[in-house]
Every structure is written in structure tokens, then in C-alpha cells.
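Data first, discussion second: the structure below is written as C-alpha cells.
The values are calculated or read from the model by the stated rules, or taken from the named source; none is laboratory data. Note that the coordinates shown come from a computational prediction; the quantities given were computed from them, not determined experimentally. With ideal geometry, Cβ positions are generated from the backbone for all residues, glycine too; neighbour counts draw on all protein chains shown. Heavy atoms of the whole protein, side chains included, go into the accessibility calculation; ligands, DNA and RNA do not. Shrake-Rupley method; radii C 1.70, N 1.55, O 1.52, S 1.80 Å.
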Amino acid sequence: MATRIVVISDHPLTVFSLCCLLGSVPACRVVDDAGSWSAFRERAGEDEPELVILDLPACIRQGAEAVEMIGAVRGQTSAAVMVLTDSAHADGLANLLDAGASAIVQRRAPLAVYLDAMTSVIAGRRYVHDGWAERTFDQDAPRQPPLSALSRCERQVLALIAKGNSVSEIAGCQAKTVSTVSRQKRTGMRKLGAANDRELFDLLRAHPTDR
């Protein structure tokens, strides 16, 4: 099944180029070229993407506003976020990851790099552009499950699941469809690295979502 992708960029040429590149890949499906951030907010929730490619404006590529924008995107959707940037300052890259970015890619990288990043994200791994990774974190160091990577909706769903609620019960109390809750549970499990419900419950007991 093709990965559903939304592209957010204030630069029409960037949007057009990404849509053309990704449209040529069978495993990808661009469901919305939202263009500006304001346009994405207006249509958030309509497309249910699995991946949001966020081209940060040059003036906020790694500052506090960039962190806020990533957080806002994650508040609007349960999709993973792949950030495009030109800057490679170590602290700034780490801030983007801490804010919830699943991947950071150099804006002018070839298509193969974009595909590698998307493959990693879909598999539940974080990705940092080649040559930048060692500046941000030791990839070989043991890591706790990335609860900070969960969106607000995913946290809510997993917290209710941890209390023994079924997907159908959660859908009823949150006025959502069963498919939406199932997707949020599935993406949350992927981000936590849980392969099945038993692993999910073990992770939630060790790392409660309501901390």
C-alpha cells in the first residue's frame, strides 16, 4: 500500500518538485500539496496522511518557531514528520528531533535520500541526513521508547488502551471512527517500536503516556 504524504512548503517550486519526484514512486502517494502552513491547518484531518514533509521557512529553519511549527503539525495529525532544512547546526538539529521530527533531510538531497528517510520513518526509526547524524545523537546508544514522538491524539488513544479500553470503546467516547482510532493506535505502536499488543502493553506499563 502506498504511503499517504502531505507536502507543506511556502515555496511553490519546492512543492511542485517534490510532488513530481514522489509521484514517480509507486510506494508514495501525495494526497495533498498543502503549500503554506495556513493552508495545511485549514484542511488538517481531511487527508489522514502517514507522513508530512515539512519544508521549514529559511528564517526559522532551526529556531524556536521551527520547534513550535513541528509541534503544531503533530497536534493536527498523527502522521510522522520529515523536516527539510539547509542548516546543520548540532543543537538546532537536536531541537528538531526533540520537538517530534522523525527525519531531518537536507533540502537539496537527491531522491534516493528522501526515499531512505521515508523508509526509515515508516519502519519506526528516526533518520538524520548523512553526515549530520553524529552531530545530533549516538545512533548506537540504547534509547528509551520515544514517547515524545507521539502526537497528542496518539497519547490519548494509547493511554485509554493502557486502561483496558477497546478500540471501539475509544472511538465511541472520542466521537471518532473505529478506523481513525485503529490508525492512531497503529502509528503509535510503530513509533514506540511495538510489534504487537503485548509489547505495547509492556511499553506502556514501563513508560506511562500520562506522565
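Restricting to strands (runs of 3 or more DSSP E) lying wholly in region 1-93: which have 1 or more residues that are modelled with pLDDT of 80 or more and of a type in the set (Gly, Ala, Ser)?
Fully inside region 1-93 and qualifying: 80-85.
Does any residue in region 186-205 that is under 14 Å from residue 153 (Cα atoms) and outside any helix (DSSP H, G or I) come within less than 8 Å, Cβ to Cβ, of a residue that is acidic (Asp, Glu) and open to solvent by 70 Å² or more (accessible area, probe 1.4 Å) six or more places away or on a different chain, and which pairs are these?
Correct list of pairs: empty, since none qualify.
Among the candidates 180, 187, which residue alone is at pLDDT 75 or above, in contact with a helix residue (DSSP H, G or I) (Cβ under 8 Å, 6 or more places away or on another chain) and surrounded by fewer than 20 Cβ atoms within 10 Å (Cβ to Cβ)? Lay out the reasoning, then the answer.
Details: 187 fails: surrounded by fewer than 20 Cβ atoms within 10 Å (Cβ to Cβ).
So the residue among 180, 187 that is at pLDDT 75 or above, in contact with a helix residue (DSSP H, G or I) (Cβ under 8 Å, 6 or more places away or on another chain) and surrounded by fewer than 20 Cβ atoms within 10 Å (Cβ to Cβ) is 180.
Tell me, which residue of region 4-32 that is touching a strand residue (DSSP E or B) at 6+ places or on another chain (Cβ under 8 Å) and of a type in the set (Ser, Thr, Tyr) is surrounded by the most Cβ atoms within 10 Å (Cβ to Cβ)?
That would be 9.
Is region 133-146 home to any residue that is open to solvent by less than 50 Å² (accessible area, probe 1.4 Å), at pLDDT 65 or above and of a type outside the set (Val, Ile, Thr)?
For region 133-146, residues open to solvent by less than 50 Å² (accessible area, probe 1.4 Å), at pLDDT 65 or above and of a type outside the set (Val, Ile, Thr): absent.
With the requirement that a residue be in contact with a Ser or Thr (Cβ under 8 Å, 6 or more places away or on another chain), open to solvent by less than 20 Å² (accessible area, probe 1.4 Å), modelled with pLDDT of 85 or more and among the hydrophobic types (A, V, I, L, M, F, W, C), what does region 147-160 give you?
Passing the criteria: only 158.
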